[in-house]
Structure formats: structure tokens, C-alpha cells
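Have a look at the structure below before the remarks.
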Amino acid sequence: MEERYDPRKVEPKWQAYWREKGTFKTGQDTSREKFYCLEMFPYPSGKIHMGHVRNYAIGDVIARYKKMQGHNVLHPMGWDAFGLPAENAAIKHGVHPSKWTYENIGYMKAQLDKLGLSYDWEREVTTCSPEYYKWNQWFFIKMLERDLAYRKSSYVNWCPSCETVLANEQVIDSRCWRCDSVVVQKELFQWFLRITRYAEELLSACDDLSGWPEKVVLMQKNWIGKSLGVEVDFRIEGMDRSIRIFTTRPDTLYGATFLCLSPRHPFTDELVADKEGLRKIRARYGEVDEKAGLFSGNYCVNPMNGEKIPVYVANFVLMEYGTGAIMSVPAHDQRDFEFALKYGLPMRMVIQPNDTGAGLVHARHSPASGQPQGQPLQEAYEGEGVLVDSGPFSELESAEARDKIAEYIEERGLGKRVVNFKLRDWGISRQRYWGTPIPVVYCDRCGIKAVPEEDLPVILPEDVTFSGKGGSPLLESRSFIETVCPACGGEARRETDTMDTFVDSSWYFVRYCFQKNDPDIDSKLKNGSRETGYWMPVDQYIGGVEHAVLHLLYSRFFTRVLRDLGIIGPGEPFLNLLTQGMVIKDGAKMSKSKGNVVDPDYLIETYGSDTSRLFSLFAAPPERDLDWSDKGVEGAYRFLGRVWSVIHNNRDPLRKKGASVIRKEDLSDISDNGRGLLRKTHQTIKKVTTDMERDFHFNTAIAALMELVNDMTGFQPRDERDPGVFKFAVESMLLLLSPFTPHIAEELYAVLGNKPSISEQKWPAWDEDLAKEDEVELVIQVNGKLRGKMMIPRGISDEEIRNLSLGDEKIRTFIAQAEIKKVIVVKGRLVNIVVGR
RNA sequence: GCCGGAGUGGCGGAAUUGGUAGACGCAAGGGACUUAAAAUCCCUCGGGGGCGACCCCGUACCGGUUCGAUUCCGGUCUCCGGCACCA
């Protein structure tokens, strides 16, 4: 007789309803406060995985919750559709990347729909479509005009067998991830975006990212890596030129005993006679295991003390940071120390620790000879202290000396103060096919020319062959390469490199502000528009922490460029960021290679998407890793089954027309029974609402709903008002549950005789008085230990609490024959009687 | 090495401002219903002691502050994440 919960019947029905009614279509509506809720879009790899389910369930709860709270919610979805896997599939299975990608999109879109996600698909973005990537090209040209895009020669990871550049992530133990060949460093011309122009702003604006996890902000700060220092010129002996070094420790200048050049420093060819030695040291550039050096045969003069010091070429000195040359102070820098030890170079102590570390005091070195007196150093002293053997700066505190010496250097024209960042310009050239063509042409007469705006997009040709030999198929496509120069009209060649796919994802959230087929997109996107003005920035962004620097930093950069182009207002794209944890099973991240994946299709088939969503939201708070448990999924399913039956078992009384709202004035004639459930209901509304507001603590919100349902199952109507209370409890519960498990909520809401849709209802409100307990449990402690409990009426005075607890029989046995020193009362909750013996 | 974060039952996790440690769920054990099983429902469930009312111990470890510490402070250990020759 009783109808059983069957998600396979319920879920498709409501998915169709939402689709047909356009429940989640979004428009501009200035009467409501906007809320832009965004989850990181997926790469269409073929199928969604549990990480997606979790990510999108979290986003969907937020979007639905905000909608019920009266916000005008933008909740879009799209596809990060360019990238290497499509090209690999083409090589392996002979299917065109485009076909492969669009088929995957079709399948995954159906999967997302089966999860009941509240997306407005009319704003869908697919980055591999010309309508989308033409904007990558347009932005690129604008950046070229502003000198934010430029071409330079640089070293890249190169796989000689695949004939392609590899990202750092694709180099595993110095080998190609695909063919296992040893990766070499190759110098290539590459296109770069000048993100470093925004380094200072990207860093200082970090302090305004109060809606981001601190951890992510910190990672961004470290990645940008600002440091203040001084550049100093060291004249090369016997030559009319200088080597410019960078240091953050000008206070140690007197301790410099040699100088090191990067193997890639432009002076090395000229300074080093030993070409074979130079070749060897260059091959060891960037090697982490061991420091290696080569004496250049030349000397420099320390501008501070006129001392002659040898110049080395050292493999650990990076050309990409500072000036590519350093002064070496082995006594105060551990790397220099190790190098000096290996090559027998002198060390000189010029900073004395303030708190006289005993061993260090003896490690004085004579400035004249550079020879040690006393014990040899065990390690470099990198801390602060007092300067010694530093000419006129001796006896200064190191912090002060940094300033004074920097000033001295600037006054004498020996160098200048500079700011350095670790952040490098973003190399976007990829020698690959499946990406946005970089819109430039090469003309023998006119040089490098941007493709004119009106000729965009430069379409990625589809008629290419995938040999699998490596190298971009575009190199073989004459119809693509051969073009005319926009300046002189003569023969010219197209750039065959494509853009890093991170370009695609750096601004996709701006595109969502418009309808997919907006006819005026051209003028709107170029000139700024009502749409971007209304929707930007994203109010809540949700995704994996693995993008803490790359994607999130690139997006912050791009948004600022777009701001400076007048396209959007604010420079910060994401107001609030939620980084969800990984999905773990059997102690490891779910992955095919580990064989511990759970297939969302199977899960939805077996338990339904409501159960899948519920479990992934209940098992852990969103930002933490989620331990997958098949048994736990069954528990979630059982809970929904209980929700189903508590309503179906009381179907007739629940459908009866009648007031389900109990006002404070009605409380006098309500039974204890009804009062209890009413109170619990208001408490649950409060708890769920505050948990949502408190960093989206869905797990405890769901736990509260479970408690309410437990109370409802045991509820027996005894008097006239009880059915109304029960109905109120049921309705509130469904409303609160609907963002988590929307299908069953819709279905049961309709069973109660309501018109759909529950997702268009208002979020319930609680009444603080109705939520309050009449009686509270008083905890009685003696000397901080729990010794008794008693029920007391709400609102009782501290004095009464004191008397009640002192009078309690059990408590008296604990305080007998003891002196009461103090009684501490925590308002209405706890009393602690402090006694001496 | 540097910078973060975390350590709570058999397990996932609660405890909102320093105030009852273990909500909710899973697993386990017992019971009801059933010819039986599944499903469902009910009870027990940190450790130790006691016939019992109850008592002692317990939030990684050591110490401190406090009437009272999972929470604050100092130190130690372990695990996880990020960066890593950045001069």
C-alpha cells in the first residue's frame, strides 16, 4: 500500500519540469540583489568524476539557497574545451579533437543534468568554439598594443622525440610524461604576457581578499615573492665594464669574497677562456643536487673596500631572477658557504650575532688575509646582528646598516635600490594544435604584425592530420600558414603556436554575463556593458585548491587587464572563494591508476542523484578532504527513505487544508507534545540558516535536519493543534532540505498539495522566542568537575541558580565540610562551585 | 630547509565567544516483525572499576594560564599541503 521512495521515478520528472519551465533562467533584475555563483568549469575529458559531483553539488546548494533568499542568481556552466588530451585521443584513436571534445561535452552535459544542477544553460561557454576564442585573440591584440604581450627568446622544456614544449608539470624526473625521452632545455622564441607589470598590484590587493581562504592568499603572495634589495656594480679588473649584482643583504657587502655569474649570463662567453668548462657548467644549470662552479679567470673589485675578488660561474645562479649575478658572502649565506667550502674560497664574518652564539664568536676571519682565525664555521649565519670589519659601517645593527649602505651606494652612483619579484612573465606559446591560434603573422619585409581586428577570428583549421610523430599539425597546413601581410600585402606566414589553455579560463566568467547568443556581444564586450556592470564580480567561486596559484592568479591578472581596457569595472574577479577538498577513497585520491574510483553514473543509477549529493555534502565540511564510504551513501539513502515515508504515512492529514502557522499568541493552548516539535522546527531553521552563513557548513546543517526528521517520525498528534504543528515541521524541513536534495523536496512538496516549484519559495524564517527552550539543563560543577544536572526554568536569576545548586542534595555531599570560596554562574547554563578543603 | 594546516571513539565527523567532550551518520552488538531472509523499527555503543547509586581516566605528548582548556600560551612529536638554490 505504501509507496516506496524511488529516485528513478522522481528525479527525471523534476529535471524535465525545471527544463520545460525554465526555472533557472537568469535575467537582469535590478529590484533584487544579484548573486553570481560560479564553479570552476570542467575539462571535457569524457565523464564526470566524484570531484565534479562534489564541486557542483556545493555550488548548487549555494545557488539554490541564495535564490530562495531572494537573490537574483547567476549560475552558469561551460567547458574548458581546449587542451592536450583531445590531441592525444586524435593520435591514438584517429578521431578529430573537435569531434572527441564535442561528444564528451554532450555526454557530460547529460550527466550534469542528471545531478539536478540549477544551471542557466543559455549562457554556456565552450572555449574551443571560434565565437569564444576570437576574444582570446582580440584580448591578445589589445595586449600587444599595450606592450603587455611580447615575444622573446627563452629556455623551455623540450621533448626531442615529440618535438614539443612541455609544461613543467609534464616533466617527470627529467623525462617526457608521454614518451619517456629525456627532456632538454631549448632556447625558443615564445610569446609572453607581461603579468609582472601587475606584480605590485596583484600582491597588495591580496590584502583585500578577505573572502578567500588565507592559505590561498598566502600561496599567491609567496608565488609573487616580492623582495627589496640593492643592485651594485662590481668593476671587472682590467676591463672597462662592470658586473651588476642583486642582493637583499647590502649589510654583508664587506663579507663578499667572490662573485658568481649564472651560466646563462651574457658576459660568460667573453670572460671565460675555458670554453669546454663553460659548456659543462651550462649543462648543469639548475641542477639541484650539487653546486658546481668554474673560475672565470677574471677578478672584480668590491666597490666598498676596493678588494679584488675572483669571479666564478656557478650553476645555482639563476639568470631569471635579479641580474643573473650575485656577490657571494659565504659567512652569511648557506649556499655561498657550501660553494666556498667545495672550492676552497675564503669566508669572512661581518655580522656578529647579538645573542652571542658561542661558536660563532670565535669564527673571526682576518679581513686582510681572508684566512680564518679560530674555529672554522659550521654553517653560515644568516640572522641579524652587529656589523664588524665593515669600514665606517662597523658596529651598526644589520637592519640599520642595510639602509645606510644602500644610501651610500646610491649616493656614489655604485648602484640603486630595486624591488624584485619571483613572478615571471607568463609564457603562453604552445607548439600544439588544439588551442587558440596566436593572431600574428610574420612578414619578411614588415616583421611581426598583429592580425587586424576585423580579420578575427583566426580560425583553427580542421583539415589537418595527426601523425603522432610530434610537432604541431599546423606546421603541415599550408593553407593555414600561407597568408598575406596586413601591412604590405606581400607574402607572409602565420604564427603556428597556439595559446596556453589557461588563457581560455582567465576570463570565461566575464563571458557568462551575457546570453550565449547575444547578438550585440561584439559591442558589449568591447566597450563595457550593463551586463558586466551588473554581474561582475563573481560573488562566490568554488573549485579545487590545485588552482590556488595558476588559474586564480592568471584570472586576477586578466581581470585587471580587462579593467584597464574599460571592459569591466572591478579588477578583482572573485569576491569569495571556497576551495573544496579532494575525494579520497581507501586513503588515496580517487584515480584510475589507483583503481579506487566510484562512477557517478553507477551511483545515480543505484541511489539517485539526491543521495549522491546528500552524501558528498554530509560526510565532511566542503573545504576538507572527503573520505568516500559506500556504507555512508546507503545511510544517506536511508535518510531520504525516512523522509519519504514520514510524509507518505501521514499523507491525508498533511493534505488537509488548515493553518500550519503557529503564532506566539497560540502557544497557550498548545500541548507539550506540539510545543516540542514546534520548538525543534524553529531551532532547525535557525541552525541550518546559520550553518549556511558560517562558511557553508553543510554537514552540520544536514545533521540538524536529520534530528528534526527523527523527532517527526516519533511524533503522535494528540490534540487539535498538533496536525498543524506537524505540517509546519514537514514543510519547513522540505524547504530547508531542497537546496541539498532538490528532486525529493519538489516531489514531497507537491504531495502536500502545493504548487511547484519549491525552488521558487522563500527560505523559511525562524522565531527566536519559539526556538527557545522553556526549561534548560543546568550543569553543576564543583571545582570544575561535573557533579550534577538539574532542569531549571528559562530566565532564572544567577542568585536563584546559586541557591538551587547549593541546595541540591547530591551537590551537598561534595561540598560538605568544605569552605565555599567562590561560586561562578554562567548565565542560565552552568554553575561552578569552588571549594577549599 | 622555509611557509601553511591538522592531530578528538572501531570509522567519517560535532562541540558557534574558554563552560556538560563525542551531535549527526557509518560500523558493531542485542531485540522486535517474518516460516525464513531482505527491508523496516526499537535498544546499547570512548576506556577502566563497581552488585549498585556511582567513581576514576580520556581530545597526539609535556608543561603553563584559569574557578574551569578540545578551545588560549610555551615546548615536543607525527601526518598532510604548498614553495624550494629567488641571492
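Just one of the listed residues (A:GLN15, A:GLN28, A:GLN111) is polar (S, T, N, Q), touching a Phe, Trp or Tyr at 6+ places or on another chain (Cβ under 8 Å) and surrounded by fewer than 22 Cβ atoms within 10 Å (Cβ to Cβ), and it is A:GLN28. The C-beta contact set for segment A:19-39 (first residue over 10 Å from A:HIS71 (Cα atoms), second residue of a type in the set (S, T, N, Q) and surrounded by 13 or more Cβ atoms within 10 Å (Cβ to Cβ), distance under 6 angstrom, 6+ apart or interchain) comprises A:THR23/A:SER757; A:PHE24/A:SER118; A:CYS37/A:GLN540; A:GLU39/A:ASN55. Any residue in segment A:589-603 that is closer than 20 Å to A:SER738 by Cβ and more than 8 Å from RNA strand B (Cβ to nearest atom)? Checked against the condition, which is being closer than 20 Å to A:SER738 by Cβ and more than 8 Å from RNA strand B (Cβ to nearest atom), segment A:589-603 yields no hits at all. The residue pairs whose first member lies in segment A:407-422 and is within 16 Å of RNA strand B (Cβ to nearest atom), whose second member is polar (S, T, N, Q), and whose beta carbons are closer than 7 Å, counting only pairs six or more residues apart or on different chains, are A:ASN420/A:SER227; A:PHE421/A:THR196.
Just one of the listed residues (A:ILE801, A:ILE780, A:ILE811, A:ILE815) is buried (at least 17 other Cβ atoms within 10 Å of the Cβ), free of Cβ contacts under 8 Å to residues at least 60 places away in the same chain and touching an Asp or Glu at 6+ places or on another chain (Cβ under 8 Å), and it is A:ILE780.
Looking at A:GLU237, A:GLU276, A:GLU231, which is the one that is within 16 Å of RNA strand B (Cβ to nearest atom) and of a type in the set (Asp, Glu)? So that I can check it myself, show each step before the final result.
Numbers: A:GLU237 fails: within 16 Å of RNA strand B (Cβ to nearest atom); A:GLU276 fails: within 16 Å of RNA strand B (Cβ to nearest atom).
Checking each option against the conditions leaves just A:GLU231.
Being surrounded by 22 or more Cβ atoms within 10 Å (Cβ to Cβ), out of contact with any Asp or Glu (no Cβ under 6 Å at 6 or more places or on another chain) and in a helix (DSSP H, G or I) holds for only one residue in A:TYR133, A:TYR119, A:TYR102, and it is A:TYR133. Any residue in segment A:753-763 that is more than 14 Å from RNA strand B (Cβ to nearest atom), touching a residue at least 60 places away in the same chain (Cβ under 8 Å) and of a type in the set (Phe, Trp, Tyr)? Yes, that holds for at least one residue.
Looking only at segment A:694-729, count every residue that is outside any helix (DSSP H, G or I), over 19 Å from A:PHE740 (Cα atoms) and within 8 Å of RNA strand B (Cβ to nearest atom) and tell me the total. Break it down stepwise before answering.
The first filter runs over segment A:694-729 and keeps only residues outside any helix (DSSP H, G or I), leaving A:694-697, A:714-721.
Retained after the next criterion (residues that are over 19 Å from A:PHE740 (Cα atoms)): A:714-721.
If we keep only those that are within 8 Å of RNA strand B (Cβ to nearest atom) as well, we get A:714.
Final tally of qualifying residues: 1.
Report yes if some residue within segment A:71-87 is modelled with pLDDT of 95 or more, assigned to a helix (DSSP H, G or I) and either farther than 17 Å from A:THR23 by Cβ or in contact with a His (Cβ under 9 Å, 6 or more places away or on another chain) (or both); otherwise report no. No, because not a single residue in segment A:71-87 is modelled with pLDDT of 95 or more, assigned to a helix (DSSP H, G or I) and either farther than 17 Å from A:THR23 by Cβ or in contact with a His (Cβ under 9 Å, 6 or more places away or on another chain) (or both).
Looking at the structure I just gave you, is A:ASP520 touching a residue at least 40 places away in the same chain (Cβ under 8 Å) and of a type in the set (D, E, K, R)? No: the conditions fail for A:ASP520.
I need the full set of residues from segment A:205-227 which are aromatic (Phe, Trp, Tyr) and either without any contact (Cβ under 8 Å) to a residue 40 or more places away in the chain or part of a helix (DSSP H, G or I) (or both), in order please.
Here is the first cut: in segment A:205-227, the ones aromatic (Phe, Trp, Tyr) are A:212, A:223.
The one that is aromatic (Phe, Trp, Tyr) and either without any contact (Cβ under 8 Å) to a residue 40 or more places away in the chain or part of a helix (DSSP H, G or I) (or both): A:TRP223.
Considering only segment A:578-603, state which residues are closer than 30 Å to A:ASP539 by Cα and in contact with an Asp or Glu (Cβ under 9 Å, 6 or more places away or on another chain). Result: A:LEU578, A:THR579, A:GLN580, A:GLY581, A:MET582, A:VAL583, A:ILE584, A:LYS589. Does at least one position in segment A:437-446 carry a residue that is in contact (Cβ under 8 Å) with a residue 24 or more places away in the chain, of a type in the set (Asp, Glu) and not in a loop (DSSP other than H, G, I, E, B)? No.
Before we move on, is A:ALA256 within 12 Å of RNA strand B (Cβ to nearest atom) and either surrounded by 20 or more Cβ atoms within 10 Å (Cβ to Cβ) or without any contact (Cβ under 8 Å) to a residue 40 or more places away in the chain (or both)?
Values: within 12 Å of RNA strand B (Cβ to nearest atom): yes; either surrounded by 20 or more Cβ atoms within 10 Å (Cβ to Cβ) or without any contact (Cβ under 8 Å) to a residue 40 or more places away in the chain (or both): yes.
Taking the combined requirement at face value, the residue satisfies it.
Checking each residue in segment A:774-791 for being within 10 Å of RNA strand B (Cβ to nearest atom) and of a type outside the set (A, V, I, L, M, F, W, C) picks out A:GLU777, A:GLN781, A:ASN783, A:GLY784, A:LYS785, A:ARG787, A:GLY788, A:LYS789. How many of the residues in segment A:79-109 are farther than 22 Å from A:SER506 by Cα and β-branched (Val, Ile, Thr)? Qualifying residue count, segment A:79-109: 2.
Filtered by the rule that a residue be over 27 Å from the mean Cα position of the chain (by Cα) and either buried (at least 20 other Cβ atoms within 10 Å of the Cβ) or modelled with pLDDT under 95 (or both), segment A:145-156 gives A:LYS152, A:SER153, A:SER154, A:TYR155.
Quick test for you: out of A:THR579, A:THR559, pick the one residue that is of a type in the set (Ser, Thr, Tyr) and either modelled with pLDDT of 95 or more or surrounded by fewer than 17 Cβ atoms within 10 Å (Cβ to Cβ) (or both).
A:THR559
Checked against (1) outside any strand (DSSP E or B); (2) surrounded by 13 or more Cβ atoms within 10 Å (Cβ to Cβ), A:VAL418 passes all but a single condition, namely (1). Within the set A:ASP610, A:ASP669, A:ASP601, the sole residue that is surrounded by fewer than 15 Cβ atoms within 10 Å (Cβ to Cβ), in contact with a helix residue (DSSP H, G or I) (Cβ under 9 Å, 6 or more places away or on another chain) and not aliphatic (A, V, I, L, M) turns out to be A:ASP601. Can you spot a residue in segment A:184-201 that is more than 14 Å from RNA strand B (Cβ to nearest atom), assigned to a loop (DSSP other than H, G, I, E, B), more than 27 Å from the chain's Cα centre (by Cα) and closer than 30 Å to A:VAL545 by Cα? No, the conditions are met nowhere in segment A:184-201.
Each row is one residue, and each column tells you yes or no for (1) farther than 29 Å from A:ASP767 by Cα; (2) among the aliphatic types (A, V, I, L, M); (3) at pLDDT 90 or above.
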site: A:PHE618; (1), (2), (3): no, no, yes
site: A:PRO622; (1), (2), (3): no, no, yes
site: A:GLY635; (1), (2), (3): yes, no, yes
site: A:ARG638; (1), (2), (3): yes, no, yes
site: A:VAL643; (1), (2), (3): no, yes, yes
site: A:VAL646; (1), (2), (3): no, yes, yes
site: A:ASN649; (1), (2), (3): no, no, no
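Looking only at segment A:280-315, filter to residues that are within 19 Å of A:VAL183 (Cα to Cα) and crowded, with 19+ Cβ neighbours inside 10 Å; which one of those is farthest from RNA strand B (Cβ to nearest atom)? Step by step, filter segment A:280-315, then rank; the result is A:ILE281.
The values are calculated or read from the model by the stated rules, or taken from the named source; none is laboratory data. Because the structure is predicted, anything quoted here is derived from the model rather than measured. Cβ atoms come from the backbone with ideal geometry, glycine included; neighbour counts cover every protein chain shown.
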